Number of protein chains: 2
Amino acid sequence: MRIEILCTGDEVLSGKTINTNYSHMARRLQEVGLDVVWGTTVGDDRESLVEAFKLAGARADAVIVNGGLGPTVDDLSQEVAAEAAGVGLKLDEGWLKHIETFYAARGRVMPPNNKKQAMLPEGSELIDNPVGTACGFALTIGKAKFYFTPGVPREIRHMLEHQLIPRLLAQSGTQAVVRLKRFHSFGMGESRVDDMLKGAEDLAEGGEVKLGFQAHYPQLETKLFGRGQSMEELETRMAPIEAAIRERMGAYILSEDTDTLESVILKAMAGGTLAVAEYGTNGAVAGRMVAIDSDGKVFKRGGVGGTIRALGRALGLGEAYDRATASTAKAYAEAVADTSSASHGLAVLIAPADEGNSGEGMVQIAVARSGQDTIVRSACIVGGPDRVRNGGVEMGLDGLRRILQGLSAADPVDFERKDAT
Amino acid sequence: MRIEILCTGDEVLSGKTINTNYSHMARRLQEVGLDVVWGTTVGDDRESLVEAFKLAGARADAVIVNGGLGPTVDDLSQEVAAEAAGVGLKLDEGWLKHIETFYAARGRVMPPNNKKQAMLPEGSELIDNPVGTACGFALTIGKAKFYFTPGVPREIRHMLEHQLIPRLLAQSGTQAVVRLKRFHSFGMGESRVDDMLKGAEDLAEGGEVKLGFQAHYPQLETKLFGRGQSMEELETRMAPIEAAIRERMGAYILSEDTDTLESVILKAMAGGTLAVAEYGTNGAVAGRMVAIDSDGKVFKRGGVGGTIRALGRALGLGEAYDRATASTAKAYAEAVADTSSASHGLAVLIAPADEGNSGEGMVQIAVARSGQDTIVRSACIVGGPDRVRNGGVEMGLDGLRRILQGLSAADPVDFERKDAT
């Protein structure tokens, strides 16, 4: 089945908005075995939209149109869809009611221009959007089935999962089962892992299994994709490859499938509690842990300092420390655990490796554990300030994960300069 | 002049790589007054490439093709370009020399397949690439001038600035100046502002000014775009619209152009210092402030609690508070300012409005100021946990901005339920 994606809107066309809706949709479709073969971007311009709809309608079997369903005058999707299909627009009373209810639930009256969002081409099928006021709709133009979707990322993501993927799979007629297996790792780059896993795909018998990577620094995702007659058969076919990946990547694998570094840490805490002290991280270490531990059972508290000294004072250490060294990290991890009565204290301190040069950063990590020695790890991370900060935060959390799982926190990572101390 | 961008490559088509090359090119071109009117994405597939080249060649005056100039077999741009133009390929001896020199300078011998990068369509004009081994080239296909460019971000960015923009400006023959004016606001949705600014565009005399919006919740960006003969003329023409926007949106405007909420707060602190206590925010309040105040001159420290109690203990308040109420926020803002010796203390506490229902959240904000009354603001934010959290964080920072600027922090926002208390 030939699928195209057509993104609309001046913001995307002019490059003001980076088109992450496109990449998200294409990637998710590929993960369920559907390939996008053509992408088009046009602005909020009637003539371009008509031409793009006609071209896609002549080429494709299915077209996802993203954007242009908003309440303002430059949102043209319904109107141009109707024109391209040669039909009129008709008010969908049910959806109008939905929008009014949506506003009423927020204690507001629907502005009159939102009524436009309930005007759909005649003969189109409404596609539900429980998280917004723009409904989607499906309509045949030319030889293709068009799926019109809202441009708000949260809304299109929801609609893609719950509405479009089932419809597209049904339309494609493939009854095959697909299975996606994912491994998340920290510390090795894509080309190293690619090298390391050479030949692993051939371990599958009875059908192809595709190996792929997705680098989202600082993590790398290693993906296996198979298609077969049943989930059981697929699991059996993919098992030897999975075993090889686990063996070759070892402790660098931090989680699998939908588990995250944070969720793995939360489980590994096993009744313990955590407090965090951080500097140079934009508060991301505590931010990520508190985000997953919403009831505060594991995460006690986090402190972020504008300076090393200010952080030390907040930990009751006075002015004893003024530089982000390994011994400062050790003292801070122990102090934050102590003053919070937490079983574990994590300190992550990041500072430019050289004064005035933020291209490399020294990361100091310490994990304090009640009744056991504090473990310290230092690294020089390279690649500019953003990579240093994000890499350092990840190294801090991954170091905690390794220690909780009884693994070494000292394994080298590809993003650090080995000769630095 | 009608400009199109055609991105090639399986990585971009499948969504594995987010297409930042496209957004960078389109944005830079708009900044010099050149509009991209159509974007196409196809994979490393001969048939799709030929069709895309023919379609663009029939529609556009200029086409930038990005990607497909590499040394491997799936890099097809030169070959398909020659086919679409009906010419053969010819070795460019000069560029082959360049590639060999490039490798020699790195102490390596050119791999044989790199020779492919010096094979150009007959009649094409070579475009220099001093930072890589893939040269660009220009070639007429159909009625359009095609510019073929490398996919490596660093290389296309360099080529765009130094080679393409001068050629495209010359081809377009326009010397017009463009001006983009931006207003950032918090608290009003796009359709309300659209309504509120009705007629404002007509205040411009002597040429069109376009009004547009970009919603990135919780902020809204209101943009004015004009094109004219000189920057001075444009500023004069746009001034009455800008004045109308400032008057109608009033205190909701938090910054203009490249200023951010954080940078405005930093300036408005005017020698003061800030400490933050937060709960239910994933640490984002401190995270955003510490990110902009990298030398720690204004931001002293932030504390994030896993529970209200744990946060209170970290602030030296013992077990006195166990719920996220307005009076807790007041006490925490005062305590964090006090224990940090900061001139200002900001507390942002967010909790689900009803037990077990995270669709709505109560946000409690308090700003403590040395020698002045602490200001408290409560709101019930709607739209699900992410919007509650992001909206609450924004309301906390924007409340601080308003108080520092002597404005009311009590203005209602569109994301809150007005009947809640």
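Considering each residue of the stretch A:90-120, count those that are in contact with a Phe, Trp or Tyr (Cβ under 7 Å, 6 or more places away or on another chain) and under 24 Å from A:Gln171 (Cβ atoms), and give that number.
Matching residues across the stretch A:90-120 total 1.
Taking the stretch B:322-332 only, how many residues are within 13 Å of chain A (Cβ to nearest Cβ) and under 11 Å from B:Ala347 (Cβ atoms)?
Total meeting the criteria: 2.
For the stretch B:204-223, what are the residues that are aliphatic (A, V, I, L, M), under 26 Å from B:Pro412 (Cβ atoms) and in contact with a Leu (Cβ under 8 Å, 6 or more places away or on another chain)?
B:Leu211
Within the stretch A:60-75, which residues are closer than 24 Å to A:Ala118 by Cα and touching a residue at least 60 places away in the same chain (Cβ under 8 Å)?
A:Ala62, A:Val63, A:Ile64, A:Val65, A:Asn66, A:Gly67, A:Gly68, A:Leu69, A:Gly70, A:Pro71, A:Asp74
Just to be sure, is A:Lys143 of a type outside the set (S, T, N, Q) and farther than 30 Å from A:Gln78 by Cβ? Please lay out each step first, then the result.
On the way: of a type outside the set (S, T, N, Q): yes; farther than 30 Å from A:Gln78 by Cβ: no.
When the stated conditions are applied, A:Lys143 does not pass them.
So B:Val336 passes all but one of these: (1) more than 9 Å from chain A (Cβ to nearest Cβ); (2) aliphatic (A, V, I, L, M); (3) over 18 Å from A:Gly287 (Cβ atoms). Which condition number does it fail?
The one condition B:Val336 does not meet is (3).
Note down all Cβ pairs under 6 Å where the first residue falls in the stretch B:201-228 and is free of Cβ contacts under 8 Å to residues at least 40 places away in the same chain, the second is of a type in the set (Ser, Thr, Tyr) and assigned to a strand (DSSP E or B), and they're at least six residues apart or on different chains.
From residues that are free of Cβ contacts under 8 Å to residues at least 40 places away in the same chain, the pairs are B:Phe213/B:Thr222; B:Leu220/B:Ser185.
Could you check, for the stretch A:289-302, whether at least one of its residues is over 30 Å from B:Asn357 (Cβ atoms) and aliphatic (A, V, I, L, M)?
No, the conditions are met nowhere in the stretch A:289-302.
Does the stretch A:36-59 include one or more residues that are small (Gly, Ala, Ser) and without any contact (Cβ under 8 Å) to a residue 24 or more places away in the chain?
Yes, the conditions are met somewhere in the stretch A:36-59.
If A:Thr281 satisfies all but one of (1) touching an Asp or Glu at 6+ places or on another chain (Cβ under 8 Å); (2) under 28 Å from A:Gly406 (Cβ atoms), what's the number of the condition it fails?
(1)
Condition first: in contact with a Ser or Thr (Cβ under 9 Å, 6 or more places away or on another chain), part of a loop (DSSP other than H, G, I, E, B) and modelled with pLDDT of 95 or more. Now tell me which residues in the stretch A:255-295 satisfy that.
Matches in the stretch A:255-295: A:Gly272, A:Thr273, A:Gly280.
Any residue at all in the stretch A:14-34 that's small (Gly, Ala, Ser), touching a residue at least 24 places away in the same chain (Cβ under 8 Å), at the interface with another protein chain (Cβ under 8 Å from one of its Cβ atoms) and in contact with a Leu (Cβ under 8 Å, 6 or more places away or on another chain)?
The answer is no; no qualifying residue exists.
Of a type in the set (D, E, K, R), buried (at least 23 other Cβ atoms within 10 Å of the Cβ) and more than 8 Å from every other protein chain (Cβ to nearest Cβ): does that describe A:Glu319?
no
Only residues in the stretch B:393-421 that are under 11 Å from B:Ala379 (Cα atoms) count as the first member; pair them with residues that are acidic (Asp, Glu) and surrounded by fewer than 20 Cβ atoms within 10 Å (Cβ to Cβ), Cβ under 6 angstrom, at least 6 apart or cross-chain, and list the lot.
none
Being within 12 Å of chain A (Cβ to nearest Cβ) and either surrounded by fewer than 24 Cβ atoms within 10 Å (Cβ to Cβ) or among the polar types (S, T, N, Q) (or both) is the filter here, so list the residues in the stretch B:394-415 that pass it.
Hits for the stretch B:394-415 are B:Pro412, B:Val413, B:Asp414.
Which ranges mark the strands (runs of 3 or more DSSP E) fully within the stretch A:41-148 that have 1 or more residues being of a type in the set (Val, Ile, Thr) and more than 10 Å from chain B (Cβ to nearest Cβ)?
So the answer is A:62-66, A:125-127, A:136-141.
Does any residue of the stretch A:277-299 turn out to be without any contact (Cβ under 8 Å) to a residue 24 or more places away in the chain, more than 10 Å from chain B (Cβ to nearest Cβ) and under 26 Å from the mean Cα position of the chain (by Cα)?
No: zero hits.
If the Cβ limit is 6 Å and pairs must be 6+ apart or interchain, which residue in the stretch B:304-316 that is more than 8 Å from chain A (Cβ to nearest Cβ) pairs with which residue that is surrounded by fewer than 24 Cβ atoms within 10 Å (Cβ to Cβ) and of a type in the set (S, T, N, Q)?
Short answer, once both residue conditions are applied: B:Gly316/B:Thr339.
Among B:Ala366, B:Ala342, B:Ala337, which is the only one that is more than 17 Å from B:Gly271 (Cα to Cα) and at pLDDT 95 or above?
B:Ala366
Using the structure shown, decide if B:Ala329 is modelled with pLDDT of 95 or more, more than 19 Å from A:Lys300 (Cβ to Cβ), touching a Gly at 6+ places or on another chain (Cβ under 8 Å) and not charged (D, E, K, R).
In short, no.
I want to confirm something. Restricting to the stretch A:340-359 and keeping residues that are within 11 Å of chain B (Cβ to nearest Cβ) and without any contact (Cβ under 8 Å) to a residue 60 or more places away in the chain, which single residue is farthest from B:Val304 (Cα to Cα)?
A:Ser358
Yes/no per residue for (1) part of a loop (DSSP other than H, G, I, E, B); (2) of a type in the set (Gly, Ala, Ser):
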position	(1), (2)
B:Gln163	no, no
B:Val178	no, no
B:His184	no, no
B:Met188	yes, no
B:Ala215	no, yes
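Among the residues of the stretch A:150-166, are any hydrophobic (A, V, I, L, M, F, W, C), touching a strand residue (DSSP E or B) at 6+ places or on another chain (Cβ under 8 Å), within 14 Å of chain B (Cβ to nearest Cβ) and exposed (fewer than 15 other Cβ atoms within 10 Å of the Cβ)?
No: the stretch A:150-166 contains no residue that is hydrophobic (A, V, I, L, M, F, W, C), touching a strand residue (DSSP E or B) at 6+ places or on another chain (Cβ under 8 Å), within 14 Å of chain B (Cβ to nearest Cβ) and exposed (fewer than 15 other Cβ atoms within 10 Å of the Cβ).
Of all residues in the stretch B:130-148, count the ones that are touching an Asp or Glu at 6+ places or on another chain (Cβ under 8 Å) and either at pLDDT below 95 or within 20 Å of B:Arg27 (Cβ to Cβ) (or both).
Going through the stretch B:130-148 one residue at a time, the tally reaches 4.
Taking the stated definitions as given, is A:Asp354 over 21 Å from B:Gly287 (Cα atoms) and at pLDDT below 95?
yes
Report whether or not B:Phe183 is surrounded by 14 or more Cβ atoms within 10 Å (Cβ to Cβ), in contact (Cβ under 8 Å) with a residue 40 or more places away in the chain and farther than 27 Å from B:Ala52 by Cβ.
When the stated conditions are applied, B:Phe183 passes them.
If I go through the stretch B:199-222 residue by residue, how many of them are at the interface with another protein chain (Cβ under 10 Å from one of its Cβ atoms) and surrounded by fewer than 16 Cβ atoms within 10 Å (Cβ to Cβ)?
Count: 2.
The values are calculated or read from the model by the stated rules, or taken from the named source; none is laboratory data. Please read all numbers here as calculations on a predicted model, not as lab measurements. Cβ atoms come from the backbone with ideal geometry, glycine included; neighbour counts cover every protein chain shown.
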